[in-house]
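A.B. asks: Starting off with a structure, shown below.
The values are calculated or read from the model by the stated rules, or taken from the named source; none is laboratory data. Predicted model only: the values in this text are computed from it and were never measured. Counting neighbours? That spans all protein chains shown, and the Cβs are built from the backbone with ideal geometry, glycine included.
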(Lines give C-alpha, C1' and ligand atoms only; values in the text may rest on other atoms or scores of the structure.)
Protein backbone atom coordinates (compact mmCIF):
# COMPACT_ATOMS: atom_id res chain seq x y z
CA UNK A 1 0.00 0.00 0.00
CA UNK A 2 1.21 3.51 -0.84
CA UNK A 3 2.61 5.66 1.95
CA UNK A 4 0.71 8.62 3.42
CA UNK A 5 2.92 11.70 3.27
CA UNK A 6 2.71 15.22 4.68
CA UNK A 7 4.13 18.35 3.08
CA UNK A 8 4.02 22.09 3.62
CA UNK A 9 2.25 24.05 0.90
CA UNK A 10 4.75 25.75 -1.41
CA UNK A 11 3.13 29.03 -2.38
CA UNK A 12 4.63 32.42 -3.07
CA UNK A 13 3.29 35.68 -1.69
CA UNK A 14 1.58 37.45 -4.59
CA UNK A 15 2.92 40.83 -3.57
CA UNK A 16 6.56 40.08 -2.81
CA UNK A 17 7.03 36.93 -4.89
CA UNK A 18 8.76 35.31 -1.89
CA UNK A 19 7.90 31.81 -0.66
CA UNK A 20 5.44 31.98 2.27
CA UNK A 21 7.15 30.69 5.41
CA UNK A 22 4.76 31.80 8.17
CA UNK A 23 1.59 29.93 9.15
CA UNK A 24 1.95 27.55 6.20
CA UNK A 25 -0.80 24.95 5.56
CA UNK A 26 0.13 21.28 6.07
CA UNK A 27 -1.21 19.01 3.31
CA UNK A 28 -1.68 15.25 3.26
CA UNK A 29 -0.70 13.42 0.05
CA UNK A 30 -1.71 9.87 -0.81
CA UNK A 31 -1.33 8.06 -4.15
CA UNK A 32 -3.59 5.09 -4.94
CA UNK A 33 -4.68 3.35 -8.14
CA UNK A 34 -3.17 6.10 -10.29
CA UNK A 35 -4.94 8.85 -8.36
CA UNK A 36 -3.40 11.39 -6.02
CA UNK A 37 -5.19 12.72 -2.97
CA UNK A 38 -4.18 16.16 -1.75
CA UNK A 39 -5.97 17.13 1.45
CA UNK A 40 -5.63 20.15 3.75
CA UNK A 41 -5.17 18.88 7.30
CA UNK A 42 -6.57 22.06 8.86
CA UNK A 43 -3.16 22.52 10.50
CA UNK A 44 -0.67 25.32 9.88
CA UNK A 45 2.91 25.77 11.06
CA UNK A 46 5.86 28.07 10.42
CA UNK A 47 8.29 26.54 7.91
CA UNK A 48 11.20 26.68 10.39
CA UNK A 49 9.29 24.38 12.74
CA UNK A 50 8.73 21.68 10.11
CA UNK A 51 10.93 18.61 9.64
CA UNK A 52 10.57 17.83 5.92
CA UNK A 53 12.35 14.47 6.16
CA UNK A 54 10.35 13.13 9.12
CA UNK A 55 7.21 14.88 7.80
CA UNK A 56 6.23 16.25 11.19
CA UNK A 57 6.72 19.24 13.49
CA UNK A 58 10.14 19.42 15.13
CA UNK A 59 10.08 18.15 18.72
CA UNK A 60 11.55 21.29 20.28
CA UNK A 61 8.41 23.34 19.54
CA UNK A 62 5.47 23.53 21.94
CA UNK A 63 2.85 22.51 19.39
CA UNK A 64 4.82 19.45 18.22
CA UNK A 65 3.04 16.90 20.41
CA UNK A 66 -0.51 17.93 19.55
CA UNK A 67 0.19 18.45 15.85
CA UNK A 68 2.15 15.22 15.36
CA UNK A 69 -0.50 13.16 17.13
CA UNK A 70 -3.10 14.61 14.77
CA UNK A 71 -0.94 13.80 11.73
CA UNK A 72 -0.56 10.23 13.00
CA UNK A 73 -4.34 9.95 13.44
CA UNK A 74 -4.91 11.28 9.92
CA UNK A 75 -2.43 8.78 8.47
CA UNK A 76 -4.17 5.95 10.30
CA UNK A 77 -7.58 7.13 9.11
CA UNK A 78 -6.51 7.15 5.45
CA UNK A 79 -5.09 3.64 5.76
CA UNK A 80 -8.25 2.48 7.53
CA UNK A 81 -10.45 3.91 4.75
CA UNK A 82 -8.37 2.18 2.09
CA UNK A 83 -8.53 -1.17 3.90
CA UNK A 84 -12.29 -0.79 4.42
CA UNK A 85 -12.87 -0.22 0.70
CA UNK A 86 -10.68 -3.23 -0.10
CA UNK A 87 -12.63 -5.50 2.26
CA UNK A 88 -15.93 -4.35 0.70
CA UNK A 89 -14.46 -4.98 -2.77
CA UNK A 90 -14.96 -1.31 -3.65
CA UNK A 91 -12.68 0.99 -5.60
CA UNK A 92 -11.88 4.03 -3.47
CA UNK A 93 -12.13 7.46 -5.11
CA UNK A 94 -10.83 10.92 -4.26
CA UNK A 95 -14.33 11.95 -3.13
CA UNK A 96 -14.55 8.84 -0.94
CA UNK A 97 -11.44 9.88 0.98
CA UNK A 98 -12.31 13.59 1.11
CA UNK A 99 -15.89 13.05 2.30
CA UNK A 100 -14.83 10.69 5.09
CA UNK A 101 -11.94 12.90 6.17
CA UNK A 102 -14.22 15.96 6.17
CA UNK A 103 -16.71 14.17 8.43
CA UNK A 104 -13.88 13.32 10.80
CA UNK A 105 -12.65 16.91 10.75
CA UNK A 106 -16.13 18.17 11.61
CA UNK A 107 -16.14 15.86 14.62
CA UNK A 108 -12.65 16.95 15.66
CA UNK A 109 -13.44 20.63 15.53
CA UNK A 110 -16.56 19.96 17.60
CA UNK A 111 -18.58 21.98 15.11
CA UNK A 112 -16.73 25.27 15.39
CA UNK A 113 -19.15 28.17 15.40
CA UNK A 114 -19.52 30.17 12.23
CA UNK A 115 -17.87 33.12 13.97
CA UNK A 116 -14.84 31.06 14.99
CA UNK A 117 -14.58 29.77 11.43
CA UNK A 118 -14.81 33.33 10.10
CA UNK A 119 -11.94 34.34 12.39
CA UNK A 120 -9.88 31.50 10.90
CA UNK A 121 -10.90 32.70 7.43
CA UNK A 122 -9.65 36.23 8.17
CA UNK A 123 -6.31 34.82 9.32
CA UNK A 124 -6.08 32.83 6.11
CA UNK A 125 -6.86 35.90 3.98
CA UNK A 126 -4.22 37.95 5.79
CA UNK A 127 -1.53 35.56 4.53
CA UNK A 128 -2.15 35.82 0.80
CA UNK A 129 -4.63 38.61 0.07
CA UNK A 130 -4.34 42.40 -0.02
CA UNK A 131 -5.19 44.51 3.06
CA UNK A 132 -8.19 45.83 1.12
CA UNK A 133 -9.57 42.31 0.65
CA UNK A 134 -9.12 41.56 4.35
CA UNK A 135 -10.77 44.86 5.27
CA UNK A 136 -13.78 44.09 3.06
CA UNK A 137 -14.10 40.64 4.63
CA UNK A 138 -14.08 42.24 8.09
CA UNK A 139 -16.83 44.65 7.04
CA UNK A 140 -18.88 41.70 5.84
CA UNK A 141 -18.33 39.99 9.21
CA UNK A 142 -19.68 43.12 10.92
CA UNK A 143 -22.72 43.17 8.63
CA UNK A 144 -23.51 39.55 9.48
CA UNK A 145 -22.99 40.26 13.17
CA UNK A 146 -25.34 43.28 13.06
CA UNK A 147 -27.94 41.24 11.17
CA UNK A 148 -27.74 38.42 13.73
CA UNK A 149 -28.25 40.83 16.64
CA UNK A 150 -30.98 42.90 15.00
CA UNK A 151 -33.07 39.94 13.84
CA UNK A 152 -32.14 37.67 16.76
CA UNK A 153 -31.06 35.12 14.21
CA UNK A 154 -28.51 32.67 15.63
CA UNK A 155 -26.19 32.09 12.71
CA UNK A 156 -24.87 28.58 12.16
CA UNK A 157 -23.65 26.88 9.00
CA UNK A 158 -26.76 24.72 9.02
CA UNK A 159 -29.23 27.62 9.02
CA UNK A 160 -27.65 29.61 6.17
CA UNK A 161 -30.63 28.64 4.05
CA UNK A 162 -33.56 30.18 2.18
CA UNK A 163 -35.02 31.62 5.37
CA UNK A 164 -31.70 33.29 6.17
CA UNK A 165 -31.46 34.64 2.62
CA UNK A 166 -34.95 36.17 2.76
CA UNK A 167 -34.43 37.66 6.24
CA UNK A 168 -31.00 38.99 5.28
CA UNK A 169 -32.36 40.76 2.19
CA UNK A 170 -35.24 42.21 4.21
CA UNK A 171 -32.76 43.50 6.80
CA UNK A 172 -30.44 45.02 4.19
CA UNK A 173 -33.16 46.62 2.07
CA UNK A 174 -35.73 47.72 4.62
CA UNK A 175 -33.71 48.30 7.79
CA UNK A 176 -30.30 49.37 6.48
CA UNK A 177 -31.63 50.89 3.21
CA UNK A 178 -28.80 49.35 1.18
CA UNK A 179 -29.03 49.17 -2.60
CA UNK A 180 -28.90 45.95 -4.61
CA UNK A 181 -25.28 46.13 -5.71
CA UNK A 182 -23.99 46.76 -2.19
CA UNK A 183 -25.99 43.80 -0.90
CA UNK A 184 -24.86 41.70 -3.86
CA UNK A 185 -21.23 42.45 -3.05
CA UNK A 186 -21.73 41.31 0.55
CA UNK A 187 -23.48 38.13 -0.59
CA UNK A 188 -20.55 37.41 -2.90
CA UNK A 189 -18.15 37.81 0.04
CA UNK A 190 -20.34 35.58 2.22
CA UNK A 191 -20.31 32.87 -0.45
CA UNK A 192 -16.52 33.13 -0.70
CA UNK A 193 -16.28 32.51 3.05
CA UNK A 194 -18.76 29.62 2.97
CA UNK A 195 -16.88 28.02 0.07
CA UNK A 196 -13.58 28.33 1.95
CA UNK A 197 -15.17 26.91 5.11
CA UNK A 198 -16.65 23.94 3.25
CA UNK A 199 -13.35 23.22 1.51
CA UNK A 200 -11.57 23.27 4.86
CA UNK A 201 -14.00 20.98 6.63
CA UNK A 202 -16.01 23.40 8.80
CA UNK A 203 -19.36 22.39 7.27
CA UNK A 204 -20.88 20.35 4.45
CA UNK A 205 -24.03 22.33 3.67
CA UNK A 206 -24.83 23.08 0.01
CA UNK A 207 -27.68 25.56 0.52
CA UNK A 208 -25.62 28.62 -0.40
CA UNK A 209 -24.86 27.11 -3.83
CA UNK A 210 -28.51 26.86 -4.86
CA UNK A 211 -29.88 29.04 -7.64
CA UNK A 212 -32.34 30.70 -5.24
CA UNK A 213 -29.41 32.00 -3.17
CA UNK A 214 -28.53 34.51 -5.88
CA UNK A 215 -26.65 37.80 -5.80
CA UNK A 216 -28.63 41.02 -6.19
CA UNK A 217 -26.65 42.62 -9.01
CA UNK A 218 -28.04 45.32 -11.29
CA UNK A 219 -26.26 46.86 -14.26
CA UNK A 220 -25.99 50.53 -13.37
CA UNK A 221 -25.08 53.54 -15.47
CA UNK A 222 -21.33 53.93 -15.94
CA UNK A 223 -20.07 57.37 -14.94
CA UNK A 224 -17.17 58.60 -17.04
CA UNK A 225 -15.60 61.76 -18.47
CA UNK A 226 -15.81 62.60 -22.15
CA UNK A 227 -12.48 63.15 -23.87
CA UNK A 228 -12.91 66.94 -23.98
CA UNK A 229 -13.69 66.91 -20.24
CA UNK A 230 -10.50 64.95 -19.52
CA UNK A 231 -8.49 67.47 -21.55
CA UNK A 232 -10.17 70.39 -19.78
CA UNK A 233 -9.14 68.85 -16.47
CA UNK A 234 -5.60 68.17 -17.68
CA UNK A 235 -5.09 71.75 -18.90
CA UNK A 236 -6.64 73.42 -15.84
CA UNK A 237 -4.22 75.84 -14.16
CA UNK A 238 -4.05 75.03 -10.45
CA UNK A 239 -2.03 76.94 -7.87
CA UNK A 240 -2.84 74.53 -5.05
CA UNK A 241 -0.12 71.84 -5.02
CA UNK A 242 -2.36 69.12 -3.59
CA UNK A 243 -5.12 69.68 -6.13
CA UNK A 244 -2.59 69.71 -8.97
CA UNK A 245 -1.13 66.39 -7.80
CA UNK A 246 -4.54 64.76 -7.49
CA UNK A 247 -5.52 66.08 -10.93
CA UNK A 248 -2.41 64.52 -12.46
CA UNK A 249 -3.07 61.17 -10.77
CA UNK A 250 -6.65 61.11 -12.02
CA UNK A 251 -5.69 62.09 -15.56
CA UNK A 252 -2.98 59.42 -15.56
CA UNK A 253 -5.76 56.90 -14.91
CA UNK A 254 -7.77 58.36 -17.79
CA UNK A 255 -4.81 57.87 -20.15
CA UNK A 256 -3.64 54.44 -18.93
CA UNK A 257 -6.68 52.64 -17.47
CA UNK A 258 -4.80 52.04 -14.21
CA UNK A 259 -6.61 51.69 -10.89
CA UNK A 260 -5.89 54.23 -8.16
CA UNK A 261 -3.97 51.64 -6.12
CA UNK A 262 -1.68 50.95 -9.09
CA UNK A 263 -1.18 54.66 -9.82
CA UNK A 264 -0.27 55.20 -6.18
CA UNK A 265 2.10 52.21 -6.23
CA UNK A 266 3.86 53.18 -9.46
CA UNK A 267 7.66 53.38 -9.12
CA UNK A 268 10.35 54.73 -11.48
CA UNK A 269 11.55 51.18 -12.19
CA UNK A 270 8.08 50.39 -13.60
CA UNK A 271 8.76 52.84 -16.44
CA UNK A 272 10.69 50.88 -19.05
CA UNK A 273 11.19 52.85 -22.25
CA UNK A 274 7.76 53.56 -23.73
CA UNK A 275 5.99 51.12 -21.42
CA UNK A 276 4.61 50.87 -17.90
CA UNK A 277 5.50 47.37 -16.69
CA UNK A 278 3.97 46.46 -13.35
CA UNK A 279 2.01 43.87 -11.40
CA UNK A 280 -1.50 45.03 -10.51
CA UNK A 281 -2.19 45.24 -6.79
CA UNK A 282 -5.76 43.95 -6.99
CA UNK A 283 -5.23 40.89 -9.21
CA UNK A 284 -1.45 40.41 -8.76
CA UNK A 285 -1.24 39.87 -12.53
CA UNK A 286 1.65 41.27 -14.60
CA UNK A 287 0.59 44.10 -16.90
CA UNK A 288 2.15 46.13 -19.71
CA UNK A 289 0.68 49.52 -20.64
CA UNK A 290 2.02 51.56 -23.59
CA UNK A 291 2.69 55.20 -22.76
CA UNK A 292 1.20 58.02 -24.80
CA UNK A 293 2.24 61.70 -24.90
CA UNK A 294 -0.19 62.65 -22.11
CA UNK A 295 0.71 59.84 -19.68
CA UNK A 296 4.44 60.28 -20.34
CA UNK A 297 4.23 64.02 -19.63
CA UNK A 298 2.40 63.46 -16.33
CA UNK A 299 4.89 60.84 -15.15
CA UNK A 300 7.85 63.00 -16.15
CA UNK A 301 6.37 65.90 -14.18
CA UNK A 302 5.90 63.83 -11.00
CA UNK A 303 8.37 60.94 -11.09
CA UNK A 304 11.22 62.41 -9.01
CA UNK A 305 9.18 64.33 -6.44
CA UNK A 306 7.74 61.46 -4.41
CA UNK A 307 10.47 58.79 -4.33
CA UNK A 308 10.46 55.85 -4.03
CA UNK A 309 7.11 56.31 -5.79
CA UNK A 310 6.21 58.33 -8.86
CA UNK A 311 3.06 59.77 -7.32
CA UNK A 312 2.02 61.19 -3.93
CA UNK A 313 0.58 58.77 -1.39
CA UNK A 314 -2.89 60.15 -0.60
CA UNK A 315 -5.43 57.86 1.03
CA UNK A 316 -8.25 56.90 -1.31
CA UNK A 317 -10.97 58.79 0.58
CA UNK A 318 -8.89 61.97 0.79
CA UNK A 319 -7.97 61.75 -2.89
CA UNK A 320 -11.63 61.48 -3.89
CA UNK A 321 -12.51 64.58 -1.86
CA UNK A 322 -9.69 66.56 -3.47
CA UNK A 323 -10.80 65.29 -6.87
CA UNK A 324 -14.28 66.75 -6.42
CA UNK A 325 -12.73 70.15 -5.68
CA UNK A 326 -10.59 69.94 -8.81
CA UNK A 327 -13.54 68.97 -10.99
CA UNK A 328 -15.66 71.74 -9.56
CA UNK A 329 -12.91 74.24 -10.44
CA UNK A 330 -12.83 72.77 -13.96
CA UNK A 331 -16.58 73.45 -14.16
CA UNK A 332 -17.44 69.84 -14.97
CA UNK A 333 -21.14 70.42 -14.44
CA UNK A 334 -22.66 67.99 -16.92
CA UNK A 335 -25.78 66.45 -15.39
CA UNK A 336 -25.53 62.73 -14.67
CA UNK A 337 -28.50 60.48 -13.97
CA UNK A 338 -27.80 57.91 -11.28
CA UNK A 339 -30.11 54.91 -10.95
CA UNK A 340 -30.13 52.50 -8.02
CA UNK A 341 -32.36 49.57 -7.13
CA UNK A 342 -33.45 48.44 -3.71
CA UNK A 343 -35.10 45.11 -4.30
CA UNK A 344 -37.48 45.77 -7.19
CA UNK A 345 -37.80 49.48 -6.38
CA UNK A 346 -36.01 51.95 -8.66
CA UNK A 347 -34.49 55.16 -7.33
CA UNK A 348 -33.28 57.98 -9.57
CA UNK A 349 -31.30 61.10 -8.80
CA UNK A 350 -29.47 63.68 -10.86
CA UNK A 351 -26.07 65.03 -9.85
CA UNK A 352 -23.47 67.23 -11.45
CA UNK A 353 -20.48 65.32 -12.80
CA UNK A 354 -18.05 66.77 -10.26
CA UNK A 355 -20.31 65.71 -7.40
CA UNK A 356 -20.41 62.00 -8.26
CA UNK A 357 -17.02 61.39 -9.88
CA UNK A 358 -14.41 59.35 -7.99
CA UNK A 359 -11.05 57.90 -8.97
CA UNK A 360 -12.89 54.75 -10.05
CA UNK A 361 -14.29 56.71 -13.00
CA UNK A 362 -10.84 57.32 -14.48
CA UNK A 363 -10.57 53.70 -15.63
CA UNK A 364 -14.07 53.85 -17.09
CA UNK A 365 -13.19 57.12 -18.82
CA UNK A 366 -10.11 55.50 -20.35
CA UNK A 367 -11.99 52.55 -21.83
CA UNK A 368 -14.95 54.55 -23.11
CA UNK A 369 -12.76 57.16 -24.79
CA UNK A 370 -10.39 54.47 -26.08
CA UNK A 371 -13.32 52.76 -27.81
CA UNK A 372 -14.89 55.97 -29.04
CA UNK A 373 -11.64 57.05 -30.67
CA UNK A 374 -11.18 53.79 -32.56
CA UNK A 375 -9.53 51.38 -30.10
CA UNK A 376 -10.74 47.79 -29.84
CA UNK A 377 -12.39 46.29 -26.77
CA UNK A 378 -9.86 43.44 -26.87
CA UNK A 379 -6.96 45.89 -26.57
CA UNK A 380 -8.74 47.88 -23.86
CA UNK A 381 -9.24 44.66 -21.89
CA UNK A 382 -5.56 43.76 -22.24
CA UNK A 383 -4.43 47.20 -21.05
CA UNK A 384 -6.79 47.30 -18.07
CA UNK A 385 -6.35 43.63 -17.15
CA UNK A 386 -9.98 42.58 -17.68
CA UNK A 387 -10.04 38.87 -18.55
CA UNK A 388 -13.67 38.26 -19.42
CA UNK A 389 -15.29 39.76 -22.51
CA UNK A 390 -18.68 39.27 -20.90
CA UNK A 391 -17.48 41.09 -17.80
CA UNK A 392 -16.06 43.90 -19.91
CA UNK A 393 -19.37 44.35 -21.67
CA UNK A 394 -21.14 44.75 -18.33
CA UNK A 395 -18.47 46.93 -16.81
CA UNK A 396 -17.73 49.38 -19.58
CA UNK A 397 -20.05 51.83 -21.25
CA UNK A 398 -19.56 51.85 -25.01
CA UNK A 399 -20.22 55.41 -26.10
CA UNK A 400 -23.37 56.05 -28.11
CA UNK A 401 -21.31 57.78 -30.79
CA UNK A 402 -19.28 54.58 -31.26
CA UNK A 403 -22.46 52.56 -31.69
CA UNK A 404 -23.64 55.02 -34.34
CA UNK A 405 -20.31 54.70 -36.17
CA UNK A 406 -20.54 50.91 -36.12
CA UNK A 407 -24.14 51.01 -37.41
CA UNK A 408 -23.06 53.30 -40.26
CA UNK A 409 -20.10 51.04 -41.03
CA UNK A 410 -22.33 47.98 -41.37
CA UNK A 411 -25.46 49.42 -43.01
CA UNK A 412 -24.34 52.76 -44.41
CA UNK A 413 -24.52 56.34 -43.18
CA UNK A 414 -27.67 58.46 -43.17
CA UNK A 415 -25.58 61.37 -44.45
CA UNK A 416 -24.98 60.35 -48.05
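A.B. asks: For residue 220, are the conditions met, namely being without any contact (Cβ under 8 Å) to a residue 60 or more places away in the chain, out of contact with any helix residue (DSSP H, G or I) (no Cβ under 6 Å at 6 or more places or on another chain), in a loop (DSSP other than H, G, I, E, B) and not assigned by TED's automatic domain parsing to the domain that holds residue 293? Steps first, answer last, please.
C.D. replies: On the way: without any contact (Cβ under 8 Å) to a residue 60 or more places away in the chain: no; out of contact with any helix residue (DSSP H, G or I) (no Cβ under 6 Å at 6 or more places or on another chain): yes; in a loop (DSSP other than H, G, I, E, B): yes; not assigned by TED's automatic domain parsing to the domain that holds residue 293: yes.
Criteria not met by residue 220.
A.B. asks: State the number of residues belonging to region 214-234 that are at pLDDT 85 or above and either closer than 19 Å to residue 167 by Cα or more than 22 Å from the chain's Cα centre (by Cα) (or both). Full working, then the answer.
C.D. replies: Just the residues of region 214-234 that are at pLDDT 85 or above, to begin with: 223-234.
This time we only want the ones that are either closer than 19 Å to residue 167 by Cα or more than 22 Å from the chain's Cα centre (by Cα) (or both), so: 224-234.
Within region 214-234, residues that are at pLDDT 85 or above and either closer than 19 Å to residue 167 by Cα or more than 22 Å from the chain's Cα centre (by Cα) (or both) number 11.
A.B. asks: Hey, another quick one. Within the bounds of region 51-69, is there any residue that is over 21 Å from residue 20 (Cβ atoms), out of contact with any helix residue (DSSP H, G or I) (no Cβ under 9 Å at 6 or more places or on another chain) and surrounded by 12 or more Cβ atoms within 10 Å (Cβ to Cβ)?
C.D. replies: The answer is yes; a qualifying residue exists.
A.B. asks: When you scan region 252-272, do you find a residue that is surrounded by fewer than 16 Cβ atoms within 10 Å (Cβ to Cβ) and assigned to a loop (DSSP other than H, G, I, E, B), even just one?
C.D. replies: Step one: filter region 252-272 for residues surrounded by fewer than 16 Cβ atoms within 10 Å (Cβ to Cβ), giving 261, 267-269, 272.
Of the ones still in play, those that are also assigned to a loop (DSSP other than H, G, I, E, B) are 267.
Within region 252-272, one or more residues are surrounded by fewer than 16 Cβ atoms within 10 Å (Cβ to Cβ) and assigned to a loop (DSSP other than H, G, I, E, B).
A.B. asks: Now a separate question. Can you tell me which residues in region 1-27 are within 22 Å of residue 61 (Cα to Cα) and either touching a residue at least 60 places away in the same chain (Cβ under 8 Å) or out of contact with any strand residue (DSSP E or B) (no Cβ under 6 Å at 6 or more places or on another chain) (or both)?
C.D. replies: 6, 10, 20, 21, 22, 23
A.B. asks: Let me confirm something: among 154, 142, which residue is loosely packed, with under 15 Cβ neighbours inside 10 Å and part of a helix (DSSP H, G or I)? First the steps, then the outcome.
C.D. replies: Values: 154 fails: part of a helix (DSSP H, G or I).
Just one listed residue meets the conditions, 142.
A.B. asks: Those residues that are in contact (Cβ under 8 Å) with a residue 40 or more places away in the chain and either surrounded by 13 or more Cβ atoms within 10 Å (Cβ to Cβ) or in a helix (DSSP H, G or I) (or both), I need them from region 159-184; list them, please.
C.D. replies: Kept after step one, since they are in contact (Cβ under 8 Å) with a residue 40 or more places away in the chain, are these residues of region 159-184: 160-162, 165, 169, 173, 177-181.
Matches in region 159-184: 160, 161, 162, 165, 169, 173, 178, 179, 180, 181.
A.B. asks: While we're on this one: Which numbered condition trips up residue 16, out of (1) closer than 30 Å to residue 131 by Cβ; (2) more than 33 Å from the chain's Cα centre (by Cα)?
C.D. replies: Result: residue 16 passes all but (2).
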